[in-house]
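The values are calculated or read from the model by the stated rules, or taken from the named source; none is laboratory data. Here the structure is a predicted model, which is why all the values come from computation and not from measurement. Neighbour counts run over all protein chains shown; Cβ positions are idealised from the backbone, glycine included.
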Amino acid sequence: MKILAIETSCDDTCSAVIEVKQNKEFRILSNTVSSQVKLHAKYGGVFPSLAKREHQKNLPIIVKKALKEAKNPKINLIAVTSGPGLEPCLWTGINFSKDLAKKTELPIVPVNHIEAHILANVIDKKPVFPAVCLIVSGGHTQIILMKKIGKYKILGETRDDAAGECFDKTARILELGYPGGPIISEKAAESKNKKLQIILPRPMLHQKNYDFSFSGLKTAVLYDFKKRSKKERKSKQYIQEMSAEIQQTIIDVLIKKTLKTAKDYRVKSIILSGGVAANKELRKQFLTAINNQHSKIILSLPDEKLCTDNAAMVAVAGYFNWQKKKNWKEIEANANLRISDEL
Ligand code: KG4
Ligand code: ZN
C-alpha cells in the first residue's frame with residue numbers, strides 16, 4: 001500500500017509518500033520539506049499566523065512535488081498530523097487533506113506528531129520492547145515508556161522550556177540566529193579550549209523524578225552574557241566556549257535522566273527522536289554512556305534527516321493507526337494532544 005502524508009504542525013510544510021511492502025517493511029518514495037526558517041529567523045521563533053499563511057501557499061506545491069518524486073503512484077491512504085502543534089497550522093494541513101480525500105475518495109487517518117517522531121525509528125529497523133523513548137524537539141521534551149507501537153506512558157517531561165527551545169532561546173541571547181540547535185552545535189564543535197571556565201547549572205540532574213527544567217539554563221546564559229563587555233560577547237572564544245557549555249549541559253541532563261529511567265524500568269532499548277536527536281554530540285555521547293555502563297541496552301537513532309519535522313514519519317504513524325481503525329470520521333486539530341490521548 002502507498003500512503004501520502006501531510007505535516008504542518010509548526011513551521012515546516014512537509015509531504016511524503018511511503019510504500020508499505022507485503023513483509024511490512026517501509027520504503028520512502030519521497031520526503032519533501034519546505035522550511036520557513038528564513039522567514040521566522042527575524043522573530044527568533046515561529047510566528048503562527050505567518051506560518052499558517054506560508055503553509056496555505058506551499059501545501060499544493062509540496063504535495064505535488066512529493067507525488068511527482070514518488071513517480072505519481074496510486075495512493076491508498078492519506079495521513080495528516082492532527083496535533084500537538086500550532087492550531088492554525090494544524091488546521092491548514094487537516095483542511096487541505098480533507099479536501100484532497102474528498103476529491104480522490106481516499107480514506108484519511110489522523111496522526112499524533114509526537115508518536116510520528118518516535119516511529120521515525122521503525123522506518124529502517126525493528127523496534128525492541130519495552131523501550132524508553134526520549135523525545136526532544138522544539139516544543140517537547142518527554143521521557144515515554146513504550147510497551148509496543150501504540151502503547152505509551154509519559155514518565156517525565158519538561159516543567160518549562162523544551163530542550164530544542166533552550167537551544168533556540170540561548171542562541172537568540174548570543175545573537176546567533178534561528179533555529180539555535182544546529183548553530184550552537186556548529187559553534188561548539190569549533191571550541192578548542194576552556195579559557196573562560198564557563199560553568200552552567202545542570203537543572204534537576206540529581207532529583208529522583210524523570211522531569212526536566214531548562215528555563216534556568218537560559219537565565220544563567222543571559223546573566224553571563226550581560227556580565228561580559230560588548231567586545232567579549234562578540235568574540236569567537238566566548239561564542240564557542242559558551243555554545244560548547246550550553247550543548248554539554250543539555251546533553252548531560254538528557255543522558256543521565258534517560259539512562260536512569262531505562263535502568264529503573266529495566267527496558268531493552270532507548271529510542272531517541274525529535275529535532276534535537278539530530279545533534280551529533282548527543283548521539284555520540286549517548287552511545288559512549290551506554291557502552292561505559294556495559295549495558296545491553298540497544299540505542300535506536302533515526303537517520304538525522306528523519307529527526308527534524310518531516311512527513312515520512314507521519315506516513316508510518318498513519319499506517320499503524322490505519323491498522324488499528326479503518327473509519328476515522330471527524331478529524332480535528334488538537335494543539336495540546338498528548339501521546340497517551342485518544343486521537
Ligand atoms: O522536531 P523539530 O523539527 O520540530 C518540533 O517538533 O519542534 O525540532 C526542532 C528543534 C529546534 O528547536 C532546533 O533548534 C532543534 O530541534 N535542532 C537541534 C539540531 N537540529 C535541530 N538541536 C540541537 N542540535 C541539532 N543538530
Ligand atoms: Zn516535531
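For P73, are the conditions met, namely being at negative phi, surrounded by fewer than 24 Cβ atoms within 10 Å (Cβ to Cβ) and assigned to a loop (DSSP other than H, G, I, E, B)? In short, yes.
If the requirement is being touching a residue at least 40 places away in the same chain (Cβ under 8 Å), closer than 24 Å to W322 by Cα and of a type outside the set (D, E, K, R), which of these qualifies: I144, I173? One residue alone meets the criteria, I144.
Anything in the range 270-281 that is away from ligand 2 (no atom under 16 Å from the Cβ) and buried (at least 17 other Cβ atoms within 10 Å of the Cβ)? List them, or say none.
Taking the range 270-281 as the starting set, the residues that turn out to be away from ligand 2 (no atom under 16 Å from the Cβ) are 270, 280-281.
I270, the sole residue that qualifies.
For the range 137-150, name all the residues that are in contact with a Phe, Trp or Tyr (Cβ under 9 Å, 6 or more places away or on another chain) and either of a type outside the set (S, T, N, Q) or more than 16 Å from ligand 2 (Cβ to nearest atom) (or both). Across the range 137-150, the qualifying residues are G138, I143, I144, L145, M146, K147, K148, I149, G150. Counting only residues that are under 21 Å from V316 (Cα atoms) and either buried (at least 19 other Cβ atoms within 10 Å of the Cβ) or among the basic types (K, R) (or both), the range 34-62 holds 2 of them. Checking each residue in the range 200-247 for being modelled with pLDDT of 95 or more and part of a loop (DSSP other than H, G, I, E, B) picks out L200, Y210, D211, S213, F214, R228, S229, S235.
In the range 137-175, how many are in a loop (DSSP other than H, G, I, E, B) and either of a type in the set (D, E) or within 11 Å of ligand 1 (Cβ to nearest atom) (or both)? Write out each step before concluding.
Let us first name the residues in the range 137-175 that are in a loop (DSSP other than H, G, I, E, B), namely 137-140, 149-150, 159-162, 174-175.
Checking the rest, the ones that are also either of a type in the set (D, E) or within 11 Å of ligand 1 (Cβ to nearest atom) (or both) come to 137-140, 160-162, 175.
The qualifying residues number 8.
Restricted to the range 102-136, and to residues there that are closer than 24 Å to W328 by Cβ and small (G, A, S), the residue that is farthest from ligand 2 (Cβ to nearest atom) is A120.
Going by what's in this entry, would K194 be described as loosely packed, with under 15 Cβ neighbours inside 10 Å and within 18 Å of I251 (Cα to Cα)? Spelling it out, K194 is indeed loosely packed, with under 15 Cβ neighbours inside 10 Å and within 18 Å of I251 (Cα to Cα). Considering T81, T92, the condition of being surrounded by 21 or more Cβ atoms within 10 Å (Cβ to Cβ) and in contact with a Gly (Cβ under 7 Å, 6 or more places away or on another chain) is satisfied by T81 alone. In this structure, is K280 out of contact with any Gly (no Cβ under 7 Å at 6 or more places or on another chain) and over 23 Å from F167 (Cα atoms)? Criteria not met by K280.
Based on what the data block shows, is K24 more than 18 Å from P179 (Cα to Cα), modelled with pLDDT of 95 or more and not in a strand (DSSP E or B)? Judged against the criteria, K24 is not a match.
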